[in-house]
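Okay, so here's the structure we're looking at.
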Amino acid sequence: MILNMSARRLARGPFSRLSSRTSSPAIRLAPVKFYSVVADGEVPTKSKVWDSVEEAVQVVKSGDTLLSGGFGLCGTPDTLIAALSKRPEVRELTAVSNNVGSGENGLGKLLYSGHIGKMMASYIGGNKHFESLYLNGEIGLELIPQGTLAARLRAHAAGTPAFYTPTGAHTAVETGEIPIRYKAGGMKAGVDIPGNKKEWKEFNGRRYLMEPAIPGDIAFIRAWKVDEAGNCVFRYTTQNFSAVMAKNAKVTIVEAENIVPIGSISPNMIHLPGIYVDRIVKATAPKQIEFEVLASSSQSEDLSKLPPEKRAAVEARHRIAKRAAQEIQDGFYVNLGIGMPTLVPEVRDSYWYFWTFSKNVVQYLKPGVKVWWQSENGILGMGPYPQKHQVDPDLINAGKETVTLLPGASVFDSAESFDMIRGGHIDIAILGAMQVSGAGDIANFMIPGKLVKGIGGAMDLVSNPDKTKVIAVMEHCAKDGSSKILEQCALPLTGARAVSQIVTELAVFNVDRAAGRMTLTELAPNVTLEEVRAKTGASFEVASKLGQMPLLRLRLTAALLRRPYSIVTDVPIPRKSKVWDNVHEAIADVKSGDVVLSGGFGLCGVPETLIKALSKRTDVKNLIAVSNNAGALDSGLVRLIKSHQLDKLIISYLGGNKFLESAYLSGDIGIELVPQGTLIARLNAHAAGYPVIYTPTGAGTKVETGEIPIRFNPGGGSKGVKVPGNKKEAREFNGKRYIMEPAIPGDVALVHAWKADETGNLVFRYTANNYNAVMARNAKLTIVEAEEIVPAGSLSPNAIHVPGIFVDRIVRASEPKPIEVLALAKNKDEHTQSVQGTEHTEYVNGIRSDWRHRIASRAAKEIQDGSYVNLGVGIPTLVPEHLPSEVKIWMESENGILGMGSYPTQDQADPDIINAGKETTTLVPGASVFDSIESFNMIRGGHLDVTILGAMEVSQAGDIANFMIPGKLVKGIGGAMDLVSNPDQTKVIVTMQHCSKDGSPKIVQECTLPLTGPRAVSMIVTDMAVFNVDRTAGELHLVDMAEGVTVEELKSKTACDFHVPAMVGRF
């Protein structure tokens, strides 16, 4: 919410709203809760736009870590880089980017100017200048797998110190054998800085590496469209690394092609909320294209003029590609490596096919097979090379070549792309290789003694072979005649036991990765078993029935020799619709014992149609449901509780769900309470291929110790605990405690979307995104109910929230959308009525005289103009009424709003726009909406300036307790633990009455109630006093006292010592 309270507004009294409790057949309303804020003030007007790019980059200093967005030369911030290159005094930068630029373009400019001392990159490619600097020991290079690089950047932005990834396990990345820097004089002089050896751990019998987060000082980003509040929109593949870098740095500077007024960008269309952006300049550098490749640039060559050896090699490569293509089924999602794999989708109009010549169009894929091609720089639905008039510098593939998008395509950033890959959502990855072992080890990225051009995305593509089938395509033997299939690879590995099938020009092998052996299944025509044995350096078994690889002979004048990587094809997109006419048939595969993920927040975005249908499946029992909450009244998951289909819930908040409360307390159902941000992060982790996460949320609390019971014995709490809470492993990083939380896998996800196309691409409307997007990505079977189902190609690739790869079935949403708490703005003539409608309120100098408003008024003085603020329930929601007229703030709501507005009028009420208290609200100009994972990354990452919370107890060291009282039902943890998880970055202010109802102090030496967070609070504001908290020393310092309060009285009502200054302020 963004607001400014005028004197007129103050005179109208609290909230200025009319709370409706009426009911209708479609909507049932729970009692009103008090959370959101009503104000008709303006948004912050301080523009982030700088007129001078030279002045904007003055913040960069020597030794900084500079994050530079872009992929190849696509989306590169060349305006900012050029300005920085003119500052010769800046030296020894550590530059982090996917690649190192090309020549003097991109970061290449800073390499030539001598600004960079070290690069952290995935790929250096053909940058000869950088190669020379590195090999001569003049610059450092930390090579990082592309997906790991994006994830390490995102981790720091999200407040995560490190994470475990399967990428790079059993490789030189794990052992640190790739030098970061050579000594002066180069390779012959030896290694100056060795690579970083990685800690590893096994989860479920599989090895994962621990990778540290990468913090950035400065981020340089290029965006297509930016408003003056900093909200950014990227165009097509320019999003790449830019979004995650912008979220990471202390100072983010954006060069924008278009700078527009606040409110010009739809909240649903924003890729990067303005909270992450500090400075904006006009982009003046032209966009560049690294490789312009046109459909017409593919060249025919008369193969009859080639030497026999080369002609045979070309024919062999196409034979391999043709055979590999037979593994692809209709509708598959496929990623192709560079080189030979790019021939797999080849389409030709003149062939010798077996022994019949045809001028018809023939493709290597099986007849009728259409495929979704994925490119790891952020495309799903990659199309052919463009015609000249279609060339777009914002549309490239992972080989940096120009491409097009097919109808139904989606685009996304690099973090999303590699979550998709690492999470095993791709059906097949086809890669070239230098060596493959009989156990499926693959080596394809480096030869010792030669410069490593980069790791790129190869290690990520082979990181989840249990879910993504990895096919290695290669010549059977190297140029020297040695076998490329060995018992053990001699070259450094890209991945261990990763390959499931090997296709060469001689044979096809299936690999049993678990057993570590391979079986010959097919021979090429005119190739004998003896020849294969002689040319294979690994033992193998022979299938009982050997097949024959198809003969493919190219017409001698028809072969098209194309530049590698992208696809030139006019084959239409897969047309198999995911739409189901009958909701009952769509859910027929849900079975007893499944883990069911249900989207929604409160009743907003709840998949009511699917839940209602599932509630009629009386044969389905013992489900485990995962959701933020369990619904309310008769809506949401309450249906499945009442139908006795749920055995356990994993949720963040019970709220006022009396039926669930009764079932839990009597031991009839289990509940695992999880902090809201942790819950969404655990779901996202499994979707992204991570086994666990580290989080500061819940450290030092009962979440860590596992003292909140999951299930009581039959008969209730008096009979004891049947299933105790889960104790968490804890670890310190940089002196701070973090706990390890396991990923949550889902069997079935039930999701509600606003729009879905027939290929499964989803768009959510406003706050209905919440948990839906992450749930959709996480399950084995994702079923979506959509308000609108549209043809493929109807949705802009830039506007898609969930790519279709994650969606399996779509049905039409038929249930009405309920509103849990309808909160409306009051009529202007009701200014004297209080919130409860009964209390007469007095005003003193325009300020509410009761203690709640006295506290809120004092807390408001801590908020600066333009701040990003989150308010808890109760007293904190009164704070905006007391902001000075010159202070305007951006209000964040943890269900996915930045820029929350006032309560709506009756006409404005929208079930898709609610706050974290489940009340209807509005959005101000410049607002952005996002899903729950983004919201809690924002919170945990410390991007909010201030959070103001109520509390039941606060200790002199800043410990806070505000979520449970032992012996009473825990209503839920919600987002409170997340909101206090990064107090070094986000100032935590507690507003509360100084003493409880029985007169006992609430400020104590040590909290007796279970903690929400240790050493989290920086300021305490009560009706009697204001204290600053020295969280490091564990001491309180008195700042102000309320009028009429003495130090002696304050000491008598405070159960701990505090420092009293010579001069004490009054409020």
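Quick notes on this one:
- Yes/no for Phe445 being in a loop (DSSP other than H, G, I, E, B) and either among the small types (Gly, Ala, Ser) or out of contact with any Phe, Trp or Tyr (no Cβ under 9 Å at 6 or more places or on another chain) (or both): yes
- Among all residues of segment 331-339, there is at least one that is part of a strand (DSSP E or B), modelled with pLDDT under 95, of a type outside the set (S, T, N, Q) and surrounded by 13 or more Cβ atoms within 10 Å (Cβ to Cβ).
- Flag for Gly725 being outside any strand (DSSP E or B) and either of a type in the set (Asp, Glu) or under 22 Å from the mean Cα position of the chain (by Cα) (or both): no
- Listed here are the strands (runs of 3 or more DSSP E) enclosed by segment 164-225 that have at least 1 residues being under 30 Å from Ala681 (Cβ atoms) and of a type in the set (Asp, Glu): 200-203, 206-212.
- Listed conditions (1) in the same structural domain as Ser592 (by TED's automatic domain parsing); (2) part of a strand (DSSP E or B); (3) in contact with a helix residue (DSSP H, G or I) (Cβ under 9 Å, 6 or more places away or on another chain); (4) in contact (Cβ under 8 Å) with a residue 60 or more places away in the chain are all met by Ala776, apart from (2).
- Sole residue being of a type in the set (Asp, Glu), in the same structural domain as Asn204 (by TED's automatic domain parsing) and part of a helix (DSSP H, G or I), chosen from Glu131, Glu142, Glu89: Glu131
- Those residues of segment 568-587 which are at pLDDT 95 or above and either among the hydrophobic types (A, V, I, L, M, F, W, C) or in contact with a Cys (Cβ under 8 Å, 6 or more places away or on another chain) (or both), in sequence order: Val579, Trp580, Val583, Ala586, Ile587
- Against the list (1) modelled with pLDDT of 95 or more; (2) buried (at least 17 other Cβ atoms within 10 Å of the Cβ), the condition His1037 fails is (2).
- Residue in segment 246-253 that is surrounded by fewer than 17 Cβ atoms within 10 Å (Cβ to Cβ) and of a type outside the set (Val, Ile, Thr) present: yes
- Contacts under 9 angstrom Cβ, first residue in segment 641-661 being over 19 Å from Gly725 (Cα atoms), partner assigned to a strand (DSSP E or B) and modelled with pLDDT under 90, 6 or more apart: Gly655/Ala632; Gly655/Gly972; Gly656/Ala632; Asn657/Ala632
- Test: residue in segment 126-146 that is surrounded by fewer than 24 Cβ atoms within 10 Å (Cβ to Cβ), of a type in the set (Ser, Thr, Tyr) and over 32 Å from the mean Cα position of the chain (by Cα): yes
- Criterion: modelled with pLDDT of 95 or more and charged (D, E, K, R) - qualifying residue of Lys467, Lys450: Lys467
- Segment 150-206 - residue that is charged (D, E, K, R) and over 26 Å from the mean Cα position of the chain (by Cα) and, of those, farthest from Ala121 (Cα to Cα): Lys188
- Figure legend. Inter-residue proximity from segment 149-166: first residues more than 18 Å from Gly457 (Cα to Cα), second residues in a helix (DSSP H, G or I) and among the polar types (S, T, N, Q), beta-carbon distance below 9 Å, spacing 6+ or different chains. Indicated pairs: Ala157/Asn937; Ala158/Asn937; Gly159/Asn937; Thr160/Asn937.
- Within this structure, Gly399 fails the test of being in contact with a Ser or Thr (Cβ under 9 Å, 6 or more places away or on another chain), within 23 Å of Tyr236 (Cα to Cα) and in a strand (DSSP E or B).
- Every condition in (1) touching a helix residue (DSSP H, G or I) at 6+ places or on another chain (Cβ under 7 Å); (2) in contact (Cβ under 8 Å) with a residue 40 or more places away in the chain; (3) closer than 27 Å to Arg317 by Cβ holds for Gly438 except the one numbered (1).
- Looking across segment 458-502, the residues that are of a type in the set (A, V, I, L, M, F, W, C) and over 19 Å from Pro145 (Cβ atoms) come down to Ile471, Val473, Met474, Cys477, Ala478, Ile485, Leu486, Ala490, Ile502.
- Tally, over segment 1007-1034, of residues that are surrounded by 23 or more Cβ atoms within 10 Å (Cβ to Cβ), touching a strand residue (DSSP E or B) at 6+ places or on another chain (Cβ under 7 Å) and in contact (Cβ under 8 Å) with a residue 40 or more places away in the chain: 9
- Failed condition for Gly63, given (1) under 30 Å from Ser867 (Cβ atoms); (2) of a type in the set (Gly, Ala, Ser); (3) at pLDDT below 95: (3)
- Whichever residue in segment 319-340 is of a type outside the set (D, E, K, R) and closer than 14 Å to Gln363 by Cα and, among such residues, is farthest from the chain's Cα centre (by Cα): Ile320
- Residue in segment 677-691 that is part of a loop (DSSP other than H, G, I, E, B) and under 27 Å from Gly917 (Cβ atoms) present: no
The values are calculated or read from the model by the stated rules, or taken from the named source; none is laboratory data. Predicted model, so just to flag it, every value in this text is computed and none were measured. Every residue, glycine as well, gets a Cβ built from its backbone with ideal geometry; the counts of neighbours run over all protein chains shown.
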